[in-house]
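As structure tokens, the structure follows; a few thoughts come after it.
Just so it is clear, none of the values below were taken in a lab; they were calculated from the coordinates. Quantities reported herein were computed from a predicted structural model and do not represent experimental measurements. In this analysis, Cβ positions are derived from the backbone assuming ideal geometry, glycine residues included, and neighbour counts consider all displayed protein chains.
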């Protein structure tokens with residue numbers, strides 16, 4: 001059976017206020033053609049269909065038009081699960097209607113029997129060819145029921161224990177639906193797994209990336225799960241949440257498809273894929289084949305970095321390329337700079353004539369030694385007017401604070417940060433107020449420049 005695995009569309013995303021509607025529409029049109037041309041029999045979307053709980057109407061419209069485009073094609077089944085960015089209830093709302101079209105939606109596991117989240121998949125001849133266990137993103141409060149005694153759970157093992165219990169329950173339901181037939185079985189998931197290859201390989205220290213994914217803390221405070229939580233009886237595990245294509249623990253049948261879109265400038269040069277998965281004809285077969293299909297780009301996101309001379313050179317090379325090629329609709333740039341270069345870089349950018357299809361959409365200062373960014377250098381007077389004194393004080397304090405993060409949960413670390421800010425805030429605001437009063441008494445000008 002031929003399956004197409006994709007995830008993390010984030011429809012409605014407007015990264016750095018870039019209008020991505022055309023980009024998203026062209027991807028869905030391309031994906032529809034891939035399904036038809038390759039005679040895909042089942043499409044699996046492993047979560048984060050939308051970017052927010054309340055996606056704009058245009059994003060929902062694109063989603064439903066895409067689903068409609070696959071009616072009466074070789075794709076006899078579509079399985080969609082909710083991700084941590086999705087509203088499970090919003091996805092589930094038309095589930096009964098979509099089910100009549102063999103589009104199976106599991107936005108959330110709340111108030112649903114596991115048996116109602118396991119489906120037969122039919123091939124292009126309408127014969128049952130596989131079983132799918134549709135596992136969506138599961139909030140921590142719902143996972144807790146799979147751990148009988150959390151207080152006595154070994155340290156660092158809670159995630160593995162609860163997810164192992166969850167997938168065993170799904171396996172039981174899948175085997176009951178299979179009813180002794182020699183059919184392969186697949187499962188989905190929207191979670192963070194250990195043993196990633198590529199970009200996050202070997203990462204053990206938590207780090208927040210541009211795309212908003214925390215490598216050690218993506219599902220509340222659950223941390224990562226390991227490959228052995230997935231029962232061996234499943235022939236393929238289609239995962240979502242990590243935004244680049246990768247295997248888990250070097251195992252071919254456990255994979256993230258990655259997002260089809262660039263979701264952060266720090267991964268702008270990575271290729272993005274959907275995965276064609278040819279399942280074995282029978283359960284436990286060894287003929288699993290996975291092919292990566294690269295997604296074409298219509299927008300080019302690019303990070304410029306280095307000193308003034310290096311960024312100037314990068315700009316000129318880009319301008320030459322943008323003028324001579326029609327590869328991309330738009331080049332969207334981020335300037336990634338050292339704080340001391342801010343004013344010179346602002347002057348450089350302001351005085352440079354840009355081609356119509358090239359634009360700076362983001363300024364990002366490199367992190368200080370303690371990992372915090374105190375970034376105001378790239379703001380002009382107009383943008384600075386919207387920043388409150390409290391914001392400036394907060395960034396200044398945290399950029400200088402030496403708060404150890406090791407051994408703390410996100411909540412504990414955030415609390416320590418706020419305590420440090422609260423400690424200094426009254427003094428700064430008092431000084432700021434005194435300066436305003438003094439300046440007003442002087443008629444708004446400094447008599448001793």
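Take every Cα pair under 8 Å in the range 2-294 that's 6+ residues apart, average their separations, divide by the length, and report that relative contact order as a whole percent. That works out to 19 percent. For the range 298-366, relative contact order (Cα pairs under 8 Å, six or more residues apart, normalised by length) works out to 42 percent.
Modelled this way, with points 7 Å down the Cα-to-C-beta line, the labels at residue 329 and residue 144 are 4.5 nm from one another.
The residue 416 and residue 392 beta-carbon pair, evaluated with R₀ = 25 Å, returns a calculated FRET efficiency of approximately 0.75. Counted by neighbouring Cβ atoms within 10 Å, the residues 192, 331, 53 run from fewest to most as 53, 331, 192. As a proxy for reagent exposure, 292, 253, 22 were ordered by neighbouring Cβ count within 10 angstrom, fewest first; the result is 22, 292, 253. Net length available on complete extension from residue 197 to residue 282 is 27.7 nm, with 0.36 nm assigned per residue and the Cα-Cα distance removed. Between the range 79-129 and the range 229-304, the alpha-carbon centres lie 21 Å apart.
Listed from fewest to most Cβ neighbours within 10 Å, the set 132, 153, 332 follows the order 153, 332, 132. Both radii come from the Cα set of the range 2-294: Rg as radius of gyration, Rh as Kirkwood radius; their ratio Rg/Rh reads 0.93.
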